[in-house]
Amino acid sequence: MSEQKQAQQQVVIVGAGMAGVQTAVALREQGFTGPVTLIGAEPHQPYDRPPLSKAILLGKAEDSAFDVDFEALDVELRLGLDVTGLRAADHEIDTEAGPVPYDVLVVATGAHPITLPGAEGVPGVHLLRTLDDAVRLGPVLERRHTVVVVGAGWIGAEFATAAREAGCAVTVVEAADRPLAGALPAEVAAPMAGWYGANGAELLTHARVDTVETGRVVLADGRELPADAVVVGIGARPATGWLAGSGIALDPSGAITADERLRTSLPDVYAVGDCASYPSARYGKRLLVHHWDNALQGPRTVAATITGADTGPYDPVPYFWSEQFGRFVQYAGHHADADELLWRGDPAEDTWSVLWLRAGVPVALLAVGRPRDLAQGRKLIETATAVDPARAADPSVPLKAAVR
Ligand SMILES: Cc1cc2nc3c(=O)[nH]c(=O)nc-3n(C[C@H](O)[C@H](O)[C@H](O)COP(=O)(O)OP(=O)(O)OC[C@H]3O[C@@H](n4cnc5c(N)ncnc54)[C@H](O)[C@@H]3O)c2cc1C
């Protein structure tokens, strides 16, 4: 885009989370000189979410506001403002404060946590997505309440970790036969189940919630669990309800179906972060990634496409981390189409990794307390470099030295 044209283009970003903020930052880093407006529904200074289930919950940090000087970047911040609709033909969005015109629109509205049917509005039932949620949960930990966590996924495990550290009695209720059932195969998740008990949290699998009442959770098999507080961590859905009627293409999960440059089906409208899926040539399928690194990297592609720099298709190796039960867990790649799984180390020990291969080439890696494996494995995945399975399965051999 020419500098003259840029100077006239009004970029409006909806959603002031990681992806929205990073889009504003990337636009300026890439030399965009036109006006940029960043609109967010939450009233708080834009902040980072991962600390919410870690340091903030435990009162070890007060906030996690991004270290970004919006004034210096000449980015107009409009906080506490809900965007309610998109009229693409008019190049306008609707907000609670009236319509806002755009030349280029970036949708970065993230995801909403899924609520537990029947538990909405019951006193003592919590979600954990926003700073306000974390602040509301602070007293639960401070007062060492008896807590029932619904869902043994990433958020459930992290909340259970913090609650145990604070001295709460914790029971985790999981409908599947293991933790992280949607994310990892049974043999890999199995050793993680032991982490709960070892840290004093009770994990109940094959356990379905029937009803949630003030003070207790009743399971489908009739068991009753006392609960001063209930924390629901059963996943999140793209926050795209406000786009109903706009004509934008969504997939059945509600994610905006962006293309390989994160453009949507509507002209001059982009989508990035937790609210959008994109086609991955690397994995031969569309991916919807609900992790921090995707909300960091996607905005660079959006900004490059807007400014005309075109850095190529968006197709990174997905990456995330989780801190649970004293362990640093990292994952890179996508293992669904792997044809071989290698263990590096004994999962009964504190540190181990799992490497997934397809035709001898690494496609994904899970590392528990082995960040070097993660760093080296991620590079092998990125470059599709074949490894010798026998050496790759030897934890004393650095992964980069297992190249065939
Ligand atoms: C508690 C917690 C812990 C996490 N820990 C990790 C971790 O350890 N590792 C990891 O890799 N990932 C982690 N994640 C995931 C990571 O934080 C998300 O992937 C990331 O925040 C996505 O960024 P985003 O900008 O796409 O969406 P969000 O962060 O959800 O931001 C979207 C923003 O848009 C706003 N918005 C929504 N609708 C509207 C509207 N209609 N009008 C105006 N504004 C709107 C929302 O209020 C929100 O502020 C964690 C997430 C949570 C909730």
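Every read-out reported here was derived from the displayed coordinates using simple, explicitly stated rules and does not represent laboratory data. As the structure is a computational prediction, the values presented were derived from the model and not from experiment. Cβ placement follows ideal geometry from the backbone for every residue including glycine, while neighbour counts extend to all protein chains displayed.
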### Message
Please determine whether any residue of region 240-257 is among the aliphatic types (A, V, I, L, M), under 26 Å from Ser64 (Cβ atoms), crowded, with 20+ Cβ neighbours inside 10 Å and out of contact with any helix residue (DSSP H, G or I) (no Cβ under 8 Å at 6 or more places or on another chain).
### Response
no
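Can we say Ser396 is of a type in the set (S, T, N, Q) and within 18 Å of Ala190 (Cα to Cα)?
Details: of a type in the set (S, T, N, Q): yes; within 18 Å of Ala190 (Cα to Cα): no.
It is false that Ser396 is of a type in the set (S, T, N, Q) and within 18 Å of Ala190 (Cα to Cα).
Tell me which residues, restricted to region 296-315, are within 15 Å of the ligand (Cβ to nearest atom), out of contact with any strand residue (DSSP E or B) (no Cβ under 6 Å at 6 or more places or on another chain) and free of Cβ contacts under 8 Å to residues at least 60 places away in the same chain.
The first filter runs over region 296-315 and keeps only residues within 15 Å of the ligand (Cβ to nearest atom), leaving 296-303, 314.
Keeping just the survivors that are out of contact with any strand residue (DSSP E or B) (no Cβ under 6 Å at 6 or more places or on another chain) gives 296-301, 303.
Correct list: Gln297, Thr301.
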### Query
Given the conditions (1) in contact (Cβ under 8 Å) with a residue 12 or more places away in the chain; (2) over 30 Å from Leu38 (Cα atoms), and given that Thr383 satisfies all but one, which numbered condition is not satisfied?
(1)
### Query
What are the residues in region 56-89 that are under 20 Å from the mean Cα position of the chain (by Cα) and crowded, with 17+ Cβ neighbours inside 10 Å, if any?
Ile56, Leu57, Ser64
### Task
State whether one or more residues within region 283-290 are crowded, with 17+ Cβ neighbours inside 10 Å, farther than 23 Å from Phe32 by Cα and touching a Pro at 6+ places or on another chain (Cβ under 6 Å).
yes
### Message
Suppose we filter Leu180, Leu141 for residues that are of a type in the set (A, V, I, L, M, F, W, C), touching a Phe, Trp or Tyr at 6+ places or on another chain (Cβ under 8 Å) and either within 13 Å of the ligand (Cβ to nearest atom) or within 17 Å of Gly233 (Cα to Cα) (or both); which single one remains?
### Response
Leu180
#### Entry: Extreme residue, farthest from Glu323 (Cα to Cα), among residues of region 156-176 that are crowded, with 24+ Cβ neighbours inside 10 Å and in contact with a Pro (Cβ under 9 Å, 6 or more places away or on another chain)
Val172
### Task
For Asp293, work out the one condition from (1) more than 26 Å from Arg28 (Cβ to Cβ); (2) of a type outside the set (S, T, N, Q); (3) within 13 Å of the ligand (Cβ to nearest atom); (4) free of Cβ contacts under 8 Å to residues at least 60 places away in the same chain it doesn't fulfil.
(1)
### Task
Return only the number of the condition from (1) within 19 Å of the chain's Cα centre (by Cα); (2) of a type in the set (A, V, I, L, M); (3) in a strand (DSSP E or B) that Ile155 does not satisfy.
(3)
